[in-house]
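Okay, structure first, notes after.
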Amino acid sequence: MKQIALAVILIASALLAAQTRSIATPSSNPKVRAITAFVRLDRQKYQQQITEALVVLRKVKADFESSSYEVETIRVTTQPLAELVADMPEDQALAFLTQLDQLSAKENFIPNVGPGMLHESDDPATMHLLERALSTLPNIQASAIIADDDRIHWKTIRRTAELVKYVSEHSFRSQGTFKFTATAMLKPLSPFFPGSYHTGAGRQFAIGFEGANVVRDVFVRDKGSADAAIADLTAALTKHASVADTVGNQVAAETGWTYVGVDPTPAPLGDVSIGAAIEAFTGARFGSSGTLTAARIITTAVKAVPVKQVGYSGLMVPVMEDKLLAQRWAESTYNIDSLLAYSAVCGTGLDTIPLPGDISLDQMERIYADVASLATKWNKPLSARLQPIPNKKPGDRTDFQDPRLFNTTVHPLP
């Protein structure tokens, strides 16, 4: 009888273990990096509109948490800056942005005011307001569009270089540049910042994951086997994107807002490293031969995820947001040209790149132009988040004081 009882206990334990493995747990799931609402603010009632958006965002957050997903941030993207502050004197516009920034701190969301220049024909004066905002306000993020379906925006490229140079020289420890990116061929409604923007009526939301750990789990198992890695990574990413679809559609039905989709890009942050994932596949340091192949595998899998996709839908390689990538950058295993090469198989461009403080506007323009040229040639979304640091020269160590940035070494310009 004792043997039978023991057998029953063992069978029950095995069944319980199997059930436990089948249930998603916080440690096995990627974090939800961004739940982003798109709103068209009316300055007369913007606080009410933000409150309504936060109700939706917090409901999405709660639904994810009930499914054992940790949510890192909720975010709000407004209409493009020039439309947001139309007909306001610059000082008054800055005061309004300050109020929006303060509200974001109080309500714990990240605000984005879209592109300072959306079209080549836009008034570049808006970029001066954006310079001041990025240099003084701690939370607001923004972008500029340097290429779209029509053409490369050469005037915007020049004004973008001027803005980044100014913000690097006027923000605390040059960290204002972290809140700004130039985008090329990126469509509206991306959940990821700073490039997020929209041009419609709003009342929409999108979702993005921090999924580098998912890639690493697959690459450890399928090391060196491209076909197996693509198939297994597609399945793993689909599992989580499907959860996002279920949550998004349910909240949309309950609130009347529109769920626009998910960006399956497996974003990294800190120890959740896309660099470590790629090294698990290649067996070599990031930047070695095979890195580009791994980048292609990731992007192929991402694009095969059968959900409505928005944003980049590719590969993020943010030099200073990924702890291992920051280390490899200091070790000079890769550089700007390497990142552009990886972008040719659909990375997301140049992200959090530390640059010498004496970089000229012409040099920055050429970097932006390379990103815009690659994006338009291959019709893919790319971005460039460049971070020059005054008084830093090649070989110096960066000294940012932002928990999302990992300090590394400044490289000489190519």
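Points worth noting:
- Selection of the range 116-170 for residues being among the acidic types (Asp, Glu), in contact with a Phe, Trp or Tyr (Cβ under 9 Å, 6 or more places away or on another chain) and over 23 Å from Asn379 (Cβ atoms) yields only Glu131.
- Yes/no for Val410 being at pLDDT 95 or above, in contact with a helix residue (DSSP H, G or I) (Cβ under 6 Å, 6 or more places away or on another chain) and of a type in the set (A, V, I, L, M, F, W, C): no
- Scanning the range 380-406 for residues that are of a type in the set (S, T, N, Q) and within 19 Å of the chain's Cα centre (by Cα) yields a total of 2.
- Any chance Leu163 is in contact (Cβ under 8 Å) with a residue 60 or more places away in the chain, among the hydrophobic types (A, V, I, L, M, F, W, C), more than 23 Å from Arg397 (Cβ to Cβ) and outside any strand (DSSP E or B): no
- The residues of the range 168-187 that are buried (at least 22 other Cβ atoms within 10 Å of the Cβ) and over 24 Å from Gly311 (Cβ atoms), listed by number, are Ser168, Ser174.
- Count of the range 123-154 residues which are under 13 Å from Val113 (Cα atoms) and among the small types (Gly, Ala, Ser): 4
- The range 41-116 holds helices (runs of 4 or more DSSP H) entirely within its bounds, and those carrying 3 or more residues that are among the small types (Gly, Ala, Ser) map to 46-66, 90-107.
- Close Cβ contacts (under 8 Å, 6 or more residues apart or on different chains) running from residues in the range 188-204 that are in contact (Cβ under 8 Å) with a residue 12 or more places away in the chain and surrounded by fewer than 22 Cβ atoms within 10 Å (Cβ to Cβ) to residues that are part of a loop (DSSP other than H, G, I, E, B) and of a type in the set (Phe, Trp, Tyr) comprise Pro188/Tyr197; Arg203/Trp257.
- When the residues of the range 117-155 are filtered to those that are of a type in the set (Asp, Glu) and not in a helix (DSSP H, G or I), the one that is modelled with the lowest pLDDT is Asp150.
- Residue ID - surrounded by the most Cβ atoms within 10 Å (Cβ to Cβ), chosen from residues in the range 58-112 that are of a type in the set (S, T, N, Q) and in contact with a strand residue (DSSP E or B) (Cβ under 9 Å, 6 or more places away or on another chain): Thr77
- Residue pairs meeting the criteria (Cβ under 6 Å; at least 6 apart or on separate chains; first farther than 18 Å from Glu210 by Cβ, in the range 57-70; second surrounded by 14 or more Cβ atoms within 10 Å (Cβ to Cβ)): Lys59/Val251
- Meets criteria (crowded, with 19+ Cβ neighbours inside 10 Å, in contact (Cβ under 8 Å) with a residue 12 or more places away in the chain and not charged (D, E, K, R)) for Val214: yes
The values are calculated or read from the model by the stated rules, or taken from the named source; none is laboratory data. Everything numeric here is computed off the predicted structure, so don't read it as measured data. When we count neighbours, we look across all protein chains shown, and the Cβ atoms used for this are built from the backbone with ideal geometry, even at glycine.
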